[in-house]
């Protein structure tokens, strides 16, 4: 079953010619947003028109207080639901509690409190003494958030590496052929507007035995 446009629809289940059950759905569109906040922080909940109360789907990650503030706890994801005076959901915020990398810092590939890996990523040895990460699964992704003006992504350059889609703040920014790199600097972005940015490296099309590799990421001031 797929839900497309707002409105009411009913689904009837039958056994032979006899109606067994009828379920009625009322579909609506909600304003949905995605946010990244730092662990062990406090902040003000969104002031949205029509929202009388916010509720957290997971208090272990984000606690909502009666004074319209929140506290981020352990790393993870919680959905904040904005309810109207009838306790109907009118707004949804998918909120990720992460460690945000600071300007001038280095993120090692095995710092999973900073890089969120989704899909099939494997570990490997790194010359720096930590564990690197590589993926052979299309659409596997690695995501991190930083404050600064850019970053440098380092990995292993060789012909066994395929393409990756790089998203910046939720928008496709570039497609990278990791096998084209001539040294361990795979990709660099600089001169971004100073502030908080979220990067997603998504594994693209791979030939047999190709992979995408991450060793470390340096954050630019």
Counting just the residues of region 91-107 that are part of a strand (DSSP E or B) and surrounded by fewer than 19 Cβ atoms within 10 Å (Cβ to Cβ), which one comes out farthest from the chain's Cα centre (by Cα)?
106
Considering each of 87, 127 in turn, give the residue that is outside any strand (DSSP E or B), at pLDDT below 95 and either in contact with a strand residue (DSSP E or B) (Cβ under 9 Å, 6 or more places away or on another chain) or closer than 28 Å to residue 73 by Cβ (or both).
87
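Matching residues to (1) surrounded by 13 or more Cβ atoms within 10 Å (Cβ to Cβ); (2) farther than 26 Å from residue 170 by Cβ; (3) outside the structural domain of residue 195 (by TED's automatic domain parsing):
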| residue | (1), (2), (3) |
| --- | --- |
| 23 | no, yes, yes |
| 40 | no, no, yes |
| 46 | yes, no, yes |
| 49 | no, no, yes |
| 54 | yes, no, yes |
| 58 | yes, no, yes |
| 64 | yes, no, yes |
| 71 | yes, no, yes |
| 82 | yes, no, yes |
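The values are calculated or read from the model by the stated rules, or taken from the named source; none is laboratory data. Given the structure is predicted, the values throughout are model-derived calculations rather than measurements. When we count neighbours, we look across all protein chains shown, and the Cβ atoms used for this are built from the backbone with ideal geometry, even at glycine.
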